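One structure is given below, encoded as structure tokens.
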2 protein chains.
Amino acid sequence: MTDVPDAARTLVDPMPTAAADLLDEARETGAVVALFGRCTVDYDGRASGHLGPGDRHVLCKPDGTLLVHDPEGHQPEAWHAAGAEREATVDGTDTLVLRSERDDGTLVVRFEALAHVAAHTVESTGETEVTGTEEDLRQRVLDDPSLVEAGFRPLAVERETDAGPVDVYGEDAEGRTVAVELKRRRVGPDAAGQLERYVDALERDLHADAEVRGILVAPSVTDRCRQTLAAAGLEFVSLTP
Amino acid sequence: MTDVPDAARTLVDPMPTAAADLLDEARETGAVVALFGRCTVDYDGRASGHLGPGDRHVLCKPDGTLLVHDPEGHQPEAWHAAGAEREATVDGTDTLVLRSERDDGTLVVRFEALAHVAAHTVESTGETEVTGTEEDLRQRVLDDPSLVEAGFRPLAVERETDAGPVDVYGEDAEGRTVAVELKRRRVGPDAAGQLERYVDALERDLHADAEVRGILVAPSVTDRCRQTLAAAGLEFVSLTP
DNA sequence: GAGTTGATCTCGGGA
DNA sequence: TCCCGAGGTCAACTC
């Protein structure tokens, strides 16, 4: 044991007390801790759930995030989001208990068996950069409004209405108000409903007699979406990000 | 080295080749592998992104799932969902490269430095059980339809319409068609729009003159949701799961 | 703090 | 296979 904690520490088949110590130490140092072992999980909060005994991977982040992963799937089987308070104790002599408390609930992981515990302090986080998002699509439309239609003139982005913010708000070549809803992926009826709400709200806002066009811009739409658009008098323009 | 792979193996400050071997072995045995190290990530697919050098935790599951976690937040910074093909190679002498291929894109993780690699074979997955979901709320309504209103009679669940499936479809005390949309949480305008689409579709489906009531059942609604409901002639019933 | 929407959303169920 | 909506969604941004 040294006063200066190691940047990385690993325990194999640890005693629960040793694992608890490592978790306590990690809380001081801001380390990320990964545990492998056989455990049960109980959650109570916005919903409640129980996971029977199984081999799982548990990841504890210094911001309070706790993720319980089983061997399949992208989604954690159980979790607590950032802001949770974590506490590691030993129940009896051989059970490590991880208790995570949040305003909206409690998560408890009980390890019947522990195979690995690894802690790793993080010195720096790299920069992250993503392209191909909806905002990129919007920028493309603003740079070249004719992608929507010839003569389209954008006047505002995220223009507020009583039904929420319109992605791109503008006028067509004949001066009619146009609401554009952008989607980077093929969309279903929900996108048509979203646009419909904006158009209805704008028509109520502006004048009772105002004609407002609604244009859904997306790579493609489902049949039902097309139906919904048609029923609401809305238009579709295909644009692939 | 034995012919029978260990159920659990850990490497500390491993050579990249040793880590690659462990990843290859894990592919055979169906083990979950967790890596700690300094890495960069490049993703190209539905979008594209780059993560600069940083200390991260990488989790590889036998179903192809790959998750790259930084020290904050619930969401992985980068990922590949199940079904991806993974390959571990060594670039030069000191860089472990994890390459994950999917139909819709490629994810590459390059480790400049590796602190831990741990593999753990999974013998069994515990049962999982959740309560407090929307389906539980629906069952409650079916068991006691008066929670919606006195005289309400459910006739179908997930009743199909041209706009999608209605949560609970039924009749009120006076024989009018009722579409019920259930939400387990406080809801915004999107839920009102969803219900509106169903009601509109039902009115088109049944008769031009048919009156169809739409009732949103949720713990509470936002102001805008209430406005949208009112504008569409829809109703709200408060019910807490 | 609440409201609104996006997400490389993922996931499960049904046609 | 695609479509559709739920999710203990989470996360970002605005008011």
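The values are calculated or read from the model by the stated rules, or taken from the named source; none is laboratory data. Quick caveat, the model's predicted, so the values are computed rather than measured. A quick note on method: Cβ atoms are made from the backbone with ideal geometry, for glycine too, and the neighbour counts reach across all protein chains shown. Ligands, DNA and RNA are stripped out before the accessible areas are found, and what is left, the full protein with its side chains, is counted by its heavy atoms. Shrake-Rupley method; radii C 1.70, N 1.55, O 1.52, S 1.80 Å.
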Assume the label is 7 Å from Cα along Cα to beta carbon: what separations in nm does A:S238 have to the matching positions in the other copies? 4.9
Less than 12 Å Cβ to Cβ from A:A231, Lys/Arg counted +1 and Asp/Glu -1: what total charge do the surrounding residues give? -2
Reduced to Cα centres, the span from segment A:112-189 to segment B:103-139 in Å works out to 28
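Quickly rank A:79-91, B:104-116, B:148-160 as a protection proxy: mean count of other C-beta atoms within 10 Å, highest first.
Details: A:79-91: 17.1, B:104-116: 19.0, B:148-160: 14.7.
Per-residue Cβ counts within 10 Å, averaged per peptide and sorted highest first, yield B:104-116, A:79-91, B:148-160.
Given a 1.4 angstrom probe, I'd like the percentage of the accessible area of the protein assembly as shown that is carbon and sulfur, rounded to a whole number.
Numbers: 10110 of 22270 Å².
Answer for the protein assembly as shown is 45 percent, counting heavy atoms of protein chains only.
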Ignoring ligands, DNA and RNA, the residues of segment A:92-126 whose accessible area with a 1.4 Å probe is reduced by 10 Å² or more relative to the chain alone are A:A115, A:H116, A:A118, A:H120, A:V122, A:E123, A:S124, A:T125, A:G126
Can you list the copy-to-copy distances for B:D223, using a point 7 angstrom from Cα toward Cβ, in nanometres, shortest first? 4.3
Once the dipole of chain B is set up with Lys and Arg at +1 and Asp and Glu at -1 on Cβ about the Cα centre, which of B:A230, B:A179, B:G73 lies farthest towards its positive end? B:A230
Kindly report the accessible area of segment B:150-241 per residue (heavy atoms of protein chains, probe 1.4 Å, no ligands, DNA or RNA), in Å². 44
at B:T29 the sorted inter-copy label distances (label 7 Å from Cα on Cβ side), in nanometres, are 2.6
Could you state the number of Å between the C-alpha centres of segment A:226-241 and segment A:35-76? 42
Residue of A:H57, A:H74, A:H120 that the Gaussian network model of chain A assigns the largest fluctuation, springs spanning Cα pairs under 10 Å: A:H74
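Roughly how big is the A-B contact, given as buried accessible area in Å² (both sides, 1.4 Å probe, nearest 100)? Let's see the in-between values first.
Details: alone 13770 and 13770 Å², together 22270 Å².
Summing both sides, the interface buries roughly 5300 Å².
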Give the shape of segment B:8-121 as rounded, prolate or oblate, defined through the alpha-carbon gyration tensor: a ≥ b ≥ c are the square roots of its eigenvalues, a/c under 1.5 means rounded, and otherwise the shape is prolate if a/b is larger than b/c and oblate if not. rounded
Reduction of at least 50 Å² in accessible surface, 1.4 Å probe, comparing all protein chains with the chain by itself, residues of segment A:6-23: A:T10
Taking the Cα centre of the protein assembly as shown as the origin and placing charges on Cβ (Lys, Arg +1; Asp, Glu -1), which of A:A115, A:A20, A:T40 is farthest toward the positive end of the dipole? A:T40
What is chain A by shape, rounded, prolate or oblate, if you read a ≥ b ≥ c off the alpha carbon gyration tensor as root eigenvalues and call it rounded for a/c under 1.5, prolate for a/b larger than b/c, and oblate otherwise? prolate
Determine which chain A residue has its Cβ at minimum distance from the rotation axis mapping A onto B, giving the value in whole Å. A:G193, 2
Note: B:65-73 gets an average of partner chain Cβ contacts (10 Å, Cβ to Cβ) equal to 6
Any residue on another chain or 5+ positions along whose placed amide H is under 5 Å from the amide H of B:T161 is listed here as B:V166
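Can you check what the net charge comes to around A:L195, using other residues whose Cβ is under 11 Å from the Cβ of A:L195 (Lys, Arg +1; Asp, Glu -1)?
Working: positive: A:K183, A:R197, A:R213; negative: A:D167, A:E181, A:D190, A:E196, A:D200, A:E235.
Around A:L195, the surrounding residues sum to -3.
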So how tilted is helix A:16-29 from the main axis of chain A? Cα-based, degrees 0 to 90, rounded to 10. 50
Between B:V12 and A:S124, what is the FRET efficiency for a Förster distance of 25 Å, r being their Cβ-Cβ separation, to the nearest 0.05? 0.75
For A:D205, the net charge from surrounding residues (Cβ-Cβ under 11 Å; K, R +1; D, E -1) works out to -2
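To the nearest 20 debye, what charge dipole does segment A:134-238 have about its Cα centre, counting +1 at the Cβ of each Lys and Arg and -1 at the Cβ of each Asp and Glu?
Working: 14 positive and 23 negative charges, 89 e Å.
So the dipole magnitude of segment A:134-238 works out to roughly 420 debye.
Based solely on its DSSP helices, what 222 nm [θ] is calculated for the protein assembly as shown when runs of n ≥ 4 H residues each add -39,500 (n - 2.57) and the sum is averaged over all residues, nearest 500 deg cm²/dmol?
Values: 8 runs with 102 residues, N = 482.
Dividing the helical sum by the residues of the protein assembly as shown leaves -6500 deg cm²/dmol.
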Quick one: angle between helix A:134-143 and the longest Cα principal axis of chain A, in degrees between 0 and 90, rounded to 10, please. 30
Just counting partner chain Cβ atoms within 10 Å, what average do the residues of peptide B:152-165 show around their Cβ? 2
Nearest 10, in degrees from 0 to 90: the angle of helix B:189-206 to the longest Cα principal axis of chain B is 50
Pulled fully out, how much extra length does the chain show between A:A150 and A:T95, if you take 0.36 nm times their separation in residues and subtract their Cα-Cα distance? 13.0 nm
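Please compute, for peptide B:40-46, the average count of beta-carbon atoms on other protein chains lying within 10 Å of each residue's beta-carbon.
Numbers: counts 1, 2, 0, 2, 2, 1, 4.
Mean partner-chain Cβ count within 10 Å for B:40-46: 2.
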